[in-house]
Every structure is written in structure tokens, then in C-alpha cells.
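Have a look at the structure below before the remarks.
The values are calculated or read from the model by the stated rules, or taken from the named source; none is laboratory data. This is a predicted model, so every value here is computed, not measured. Cβ atoms come from the backbone with ideal geometry, glycine included; neighbour counts cover every protein chain shown. Surface areas here come from the heavy atoms of the whole protein model, side chains and all, with no ligands, DNA or RNA. Shrake-Rupley method; radii C 1.70, N 1.55, O 1.52, S 1.80 Å.
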Protein chains: 2
Amino acid sequence: MGLRYMFNKILYPTDFSDVANKAMDYITKLKEAGGKEVIVLHVIDERAIGDICLLYASRGSVEMVRRIEEEAWKEMDNIGARLRQEGFKVKLRVERGIPLPEILRVEQEEGVSLIVIGSHGKSNVEEMLLGSVSEKVIRKSGTPVLVVKR
Amino acid sequence: MGLRYMFNKILYPTDFSDVANKAMDYITKLKEAGGKEVIVLHVIDERAIGDICLLYASRGSVEMVRRIEEEAWKEMDNIGARLRQEGFKVKLRVERGIPLPEILRVEQEEGVSLIVIGSHGKSNVEEMLLGSVSEKVIRKSGTPVLVVKR
């Protein structure tokens, strides 16, 4: 890839955690090095939805999932507005699935040149046991990854 | 940290592998986003030196180690020349030790704002078993890490 396009199209997977928000500052800065477009991706973890459906089955799980998606879109719209204000072309994607494969699928589909990701997500305990999503992304992606720390 | 200094002082650990060389292109590009200074770090793995000394004990291990250091400095000087040509302030460091702790020590000592590192080093088989040095750096460092892939 030519130097010119190194930071051109950025994939930004976010779970709306503090460190994911911090990563946005780095994306903003990369505008100066040729950053043009940001694909913002939030994956609604279908395993978590499964748990919620079990918990709330009697109280309307469909309604619950709808609310989760609605909340996610609110966050996404805020992120989108901020990045557009910084001069980026922005695409927002909310996907249902398992985070790692969804992130890798979107990386391929969009042909991004860089992934910017927080080092840890929200589920700290699980990550201590299983490794963080970002570690797996780094291992599996074909694209350079900028890992932003807490 | 202010936006201004995000990519200001870059630590670039290298084992002179192809992917480490590729990482240099990304450093060059980061100049546009405020990159000013690069600390180039090569760690001569003292565990490997131990092996060499055992192998070559009868044929002068001191001479062997001296040659390894000499070769390392040749590579370092080339890297330094290239980065200076790109307009960076450059500091070259060759350290003896174990790569991970040396990288983290230099990160602290130099107060860098970013680490740029290749995803894999030269010792592929060992890394498949034990995980790559860069994975460990990402986990332990306090600084954002840009991981460049093969």
C-alpha cells in the first residue's frame, strides 16, 4: 500500500467503553496523516442477548432487544456527529453477532487500511480469563492495528 | 495527553525482520500527524547469546558477541540515516537483555507517546508457542501501540 493511503480508511470498533472513547482522539489526530473515512462498528453480542432473553423471557425479550439496539444507535449517532464535525466521512454499522468474527468480516468488506481499537472492553473479568477482543483482533486481522490503552 | 503530542515521540523496537522494516513506513507517515523523534531500540537477546557462547565456547565467544553487536550497529546506523533523512530526530539504542523488559524499561525512561512495532519477530516457531514479543508489549505497555502486520 502506498504511503498516501496508510491511514485513509479507518475501522473503529467500539463497545462505548471509556477506552474506546479515548481511541477517538487518536482517530481525530490521524486526519493530519491522511485519515479520510471512519467505519464505526458496534457489535451487539448475540451471546449476551441470549442471556437477556432467558432472564427477561416473561417480560418481553423482543422489546428488550429493541431497546438495546435503540440505545446503541443513540451512541453511534453521537460518535458519527463528532467524527463528521472533525471532517471525516463516516459510516455507522451496528451488527448482531460475536464481536471478533464481525469485526474481521467488516474489515474485509470495507477494505480498511487501519483498525483503531481500545485495549480493553467493558467485560473486564471475562477478558482476564479469555483475553481481550482487541488481542484477538490484532492476532487475526490483516490490517495494522492501533491499540489505545486505558 | 494533548492531541498535539500523541505521536510526538515514537519508540520503535526492531529485530531487523521484514515486518519491523515495514513498520518504518508507518513511522514516516506519522510525521504528518506530529511525529518528531524516534527512539530506535534493538535488544540483543542475552538468552540467545548464552546459547551462542555454549556453542562457540572453544572458538572465542567474546569475539562472537562483539561481531553480533557490530552487525546490529550497522543495521541501526542504516535505520537512523533513513529516519533522519525523513526529518526525524533519532536516538539509537542497542541493549543487551530480554526483549520485553528492555522495551518496557526504555518506554519508561524515554517517556514515549507511541510504540510502533511489527506483529511478529524473526523467531516464528518460538512465537507460535509462547506468543509474540509484540503481543506482550501491547499487554504491558502504558503507551498506545501501532502494530504493523506482515
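Here is how the numbers come out for the structure above:
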{"quantity": "Amide H within-cut-off set for A:LEU11, under 5 Å, with H built and near neighbours excluded", "calculated": "A:ILE39, A:SER113, A:LEU114, A:ILE115, A:VAL116"}
{"quantity": "For chain A, with +1 on Lys and Arg beta carbons and -1 on Asp and Glu, the positive-most of A:LEU146, A:LEU100, A:HIS42 along the dipole", "calculated": "A:LEU146"}
{"quantity": "FRET efficiency, 1/(1 + (r/R0)^6) with R0 22 Å, evaluated for A:GLU86 and A:ARG139 via beta carbons", "calculated": "0.15"}
{"quantity": "Solvent-accessible surface ranking, highest first, for B:HIS120, B:HIS42 at 1.4 angstrom", "calculated": "B:HIS120, B:HIS42"}
{"quantity": "Distances in nm from A:GLU86 to the matching label points in the other copies, shortest first (labels 7 Å along Cα to Cβ)", "calculated": "2.2"}
{"quantity": "7 Å along Cα→Cβ, label-point gaps from B:ARG4 to other copies, nm, shortest first", "calculated": "3.2"}
{"quantity": "Ascending list, in nanometres, of distances separating the B:GLU69 label from those of the other copies (7 Å, Cα toward Cβ)", "calculated": "6.5"}
{"quantity": "Per residue accessible area in Å² of the protein assembly as shown, where ligands, DNA and RNA are left out and the probe is 1.4 Å", "calculated": "50 Å²"}
{"quantity": "When each of A:LYS9/A:LYS122; A:LYS29/A:LYS149; A:LYS9/A:LYS74; B:LYS31/B:LYS74 is checked by Cα-Cα distance, pairs over 18 Å", "calculated": "A:LYS9/A:LYS122; A:LYS9/A:LYS74; B:LYS31/B:LYS74"}
{"quantity": "Cα-Cα pairs of the protein assembly as shown separated by more than 27 Å (percent)", "calculated": "45 percent"}
{"quantity": "Estimated distance in nm for a label pair at A:ARG96 and B:ASP18, the labels positioned 7 Å out from Cα along Cα-to-Cβ", "calculated": "4.3 nm"}
{"quantity": "Label-point gap, in nm, between B:GLU63 and B:LYS36 - each point 7 angstrom along Cα→Cβ", "calculated": "4.7 nm"}
{"quantity": "Amide H contacts under 5 Å for B:VAL90, placed H, 5+ residues apart", "calculated": "B:VAL38"}
{"quantity": "Antiparallel content of DSSP bridges confined to the protein assembly as shown, in %, to 5", "calculated": "5 percent"}
{"quantity": "Inter-site label distance for A:GLU109 and B:TRP73 at 7 Å from Cα along Cβ, in nm", "calculated": "5.5 nm"}
{"quantity": "Hz values of 3J(HN,Hα) by residue in region B:35-41 - Karplus curve (6.51, -1.76, 1.60), Gly and Pro given as x", "calculated": "x, 10, 10, 10, 9, 8, 10"}
{"quantity": "Under the span-like rule (Cα at least 20 Å along the axis, Kyte-Doolittle mean at least -1.0), DSSP H helices of chain A", "calculated": "A:61-85"}
